[in-house]
Amino acid sequence: VSREEWVASVNETLQRAGHLRSSPRERVLRALAHADGPVSAQELEDQLRSANSVSRATIYHALELLDRHELVFRLDLGDGHARYLPADPTQTPPHFLLCQRCRSLFALPTVELDSAIQRDALRLGVAINPGPLVLHGLCAPCLAASPGA
Ligand SMILES: [Zn+2]
């Protein structure tokens, strides 16, 4: 689904769950939908502070609501600041490489990982929810700069 379709479907889901539509939350949704990658609450706040007045509480509340309704994926990068990205049920969730040297986060366009995970789940007789994985290692520039590479 497109970014705007995601915003529309989230509004619909939340309304059906009894949450009244609010324009500050709508701005949070739009910012999240149009972000280049996973964003933290702080990054959303920085972005929304300049354009419109959306309070920090609104941002945290909106993210918590989206998380509770499984409308976003929440990434833990181990730095105490969760990153969020839209959960699109029509698409395989992206996976990420967190560079342990420069701390940059890169989307990994893997094609084999999800099918391997689902094959393993079947073999083990378990169910594994699709969701983004954060893998740790070195990005290409850091790998090139590291001794012995
Ligand atoms: Zn790096």
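The values are calculated or read from the model by the stated rules, or taken from the named source; none is laboratory data. These numbers come from a predicted model, not from an experiment. A quick note on method: Cβ atoms are made from the backbone with ideal geometry, for glycine too, and the neighbour counts reach across all protein chains shown. Just so you know, the surface numbers come from the protein's heavy atoms only, side chains and all, with ligands and any DNA or RNA stripped out. Shrake-Rupley method; radii C 1.70, N 1.55, O 1.52, S 1.80 Å.
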What percent antiparallel are the DSSP beta bridges of the range 85-138, to the nearest 5?
50 percent
Taking only the Cα atoms of the chain, how large is their convex hull per residue, in Å³?
145 Å³
Any chance you could run the full-extension gain for A145 through S55? It's 0.36 nm times the residue separation minus the Cα-Cα distance, nm to one decimal.
28.2 nm
Apply the a/c threshold of 1.5 to the C-alpha gyration tensor of the range 82-122 and tell me whether it is rounded, prolate or oblate.
oblate
For labels at S23 and R119 in the simple 7 Å Cα→Cβ model, what's the distance in nm?
5.3 nm
Per DSSP helix of 4 or more residues, -39500 (n - 2.57); summed, then divided by the residues of the chain. What does that give at 222 nm, rounded to the nearest 500?
-13500 deg cm²/dmol
Positive minus negative residues near L66 (Lys, Arg vs Asp, Glu; Cβ under 11 Å)
0
Given H placed on each backbone N at 1.01 Å, which residues far from S40 in sequence or on other chains put an amide H within less than 5 Å of it?
Y84
For the range 69-149: rounded, prolate or oblate by the Cα gyration tensor [a/c cutoff 1.5]
oblate
The summed charge of the D79 Cβ neighbourhood (under 15 Å; Lys/Arg +1, Asp/Glu -1) stands at +2
Carbon plus sulfur fraction of accessible area for the chain, probe 1.4 Å, in percent:
54 percent
Assuming a ≥ b ≥ c are the square roots of the Cα gyration tensor eigenvalues, decide whether the range 38-77 counts as rounded (a/c under 1.5), prolate (otherwise, with a/b larger than b/c) or oblate.
oblate
Kindly work out what percent of the DSSP beta bridges joining two residues of the chain are antiparallel, to the nearest 5.
70 percent
